[in-house]
Amino acid sequence: MQISGSMGPTLIGKQIVLGVTGSIAAYKAVALLRTLLREGAIVHVVMTQSATKFVTPLTFEVLSGHPVSTDLFEAHQEMKHLSLPEQADAIVIVPATANCLARAALGLGDDLLSTMLLTAQCPLIVAPAMDGGMWTHPSVTEHVSALRARGTIVVNPEEGPLASGRIGQGRLAEEGTILEAIQTALAPRRDWQGHRILVSAGPTQEPIDPVRFISNRSSGKMGYAIAEAAQARGAQVVLVTGPTALPAPRGVEVVSVATAEDMTKALSVRLAWSTTVIMAAAVADFRPKYPAPQKIKKQERTDQTLDLERTTDILASLSAQRTTQLMVGFAAETSDLIAHAKDKLTAKGLDLIVANDVTTEGAGFGSDQNAATLIDRQGAMTELPLMPKRALADAILNRAHELLRTRQSNQTPKPVAGGR
């Protein structure tokens with residue numbers, strides 16, 4: 001089996017540790033092992049004691065061509081909890097039980113596999129499988145969020161018939177989906193190489209006086225995720241950000257601003273440099289018309305009135321100034337999502353808009369997840385379910401890249417029949 005569009009083996013020479021834990025889905029790890037080998041990987045298998053109740057170590061040993069490690073103390077003489085992760089390009093746990101996720105999230109190290117995770121510096125990919133509504137249990141949700149926050153790639157289980165006979169989300173993801181996650185981690189796409197992306201993120205703060213301001217609930221997480229994903233895919237990235245508590249994405253030039261006016265200036269002077277603009281910032285629509293030069297004392301007046309004026313519509317301004325840049329905007333709405341997003345797309349002359357309902361449970365401001373609908377200027381819509389913001393960032397970049405390729409294809413001169 002190969003991922004659609006792949007050209008031959010994609011993991012040649014890659015050292016992979018395949019962790020198998022105690023789930024009925026453990027037998028599917030055998031098929032994944034065979035696929036990894038066909039893709040050219042060198043695979044060492046580590047099994048928990050409970051996993052050996054479902055599939056024998058001998059099965060994995062014969063197929064992989066390497067001894068299977070199952071016990072921390074038997075392996076201690078060879079220090080496999082250190083040597084295997086040191087040599088590995090990736091650790092892949094398939095299937096990962098709720099118990100496995102908890103141990104990994106809490107940093108427990110009471111067996112070989114969990115101890116290895118404490119020493120590993122390579123990418124970690126986990127594909128959970130569980131039954132009985134366990135996937136949505138608050139403890140499991142918290143552990144998964146903690147792992148994702150540390151950079152673990154979690155391949156969500158699918159919905160369907162479970163071993164108990166119930167229908168629910170808990171089935172191990174399809175083999176192709178897991179393989180694609182491994183390929184992405186080990187051979188990241190560089191499809192944005194040569195592009196220069198200007199990203200905005202976070203809120204703005206419009207001063208009332210030297211200590212007070214008008215702002216909004218934006219955390220900046222979506223814009224930062226886009227900047228991080230674009231850099232990982234080869235783009236040069238400048239991130240213009242309002243005040244946030246987020247660390248700067250590695251390899252990204254960060255320009256910090258406070259007000260809408262500051263953000264307008266920072267983006268405008270860099271517009272000509274960019275090939276794509278992605279406006280994920282939540283810019284204040286209004287600002288105090290007369291900010292006080294000194295702190296306003298509450299005893300001075302009891303009926304304080306705040307006069308407001310509109311801020312610059314940054315996205316419309318940039319769109320009007322652009323030459324060849326692809327323009328991507330966001331529409332954070334609380335009602336009539338698609339209608340409002342389409343209006344904004346047209347009014348601001350955008351190529352693509354990311355529409356999201358901020359009242360959706362789990363997808364509001366400050367969340368690590370988001371759901372969105374992508375709408376282009378031809379009216380084509382792509383609905384994206386609730387997913388980590390980093391995954392959504394890649395989905396947005398995928399669609400934007402498609403639009404760029406279509407534009408370039410349409411601009412390529414057609415050969416003239418009979419020409420020399």
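The values are calculated or read from the model by the stated rules, or taken from the named source; none is laboratory data. Since we're looking at a predicted model, the values are computed, not measured. Counting neighbours? That spans all protein chains shown, and the Cβs are built from the backbone with ideal geometry, glycine included.
Residue by residue through segment 113-161, note down the ones that are assigned to a helix (DSSP H, G or I) and within 24 Å of THR70 (Cβ to Cβ).
Hits for segment 113-161 are LEU113, SER114, THR115, MET116, LEU117, LEU118, THR119, HIS143, LEU147.
How many residues does segment 334-369 contain that are at positive phi and buried (at least 21 other Cβ atoms within 10 Å of the Cβ)? Full working, then the answer.
We begin by selecting, within segment 334-369, every residue at positive phi; these are 336, 349, 362, 366.
If we keep only those that are buried (at least 21 other Cβ atoms within 10 Å of the Cβ) too, we end up with none.
Result for segment 334-369: 0.
Filtering segment 327-357 down to residues that are hydrophobic (A, V, I, L, M, F, W, C) and in contact (Cβ under 8 Å) with a residue 40 or more places away in the chain, which residue is nearest to TRP273 (Cα to Cα)?
In this case the residue turns out to be MET327.
In segment 324-333, is there at least one residue being closer than 18 Å to ALA282 by Cα, in contact with a Lys or Arg (Cβ under 8 Å, 6 or more places away or on another chain) and surrounded by fewer than 18 Cβ atoms within 10 Å (Cβ to Cβ)?
The answer is no; no qualifying residue exists.
Here is a list: VAL92, VAL30. Which entry is in a strand (DSSP E or B) and within 30 Å of GLY160 (Cβ to Cβ)?
Result of the check over VAL92, VAL30: VAL92.
Considering each residue of segment 188-213, count those that are modelled with pLDDT under 95 and aliphatic (A, V, I, L, M), and give that number.
Residues that pass the stated criteria total 2.
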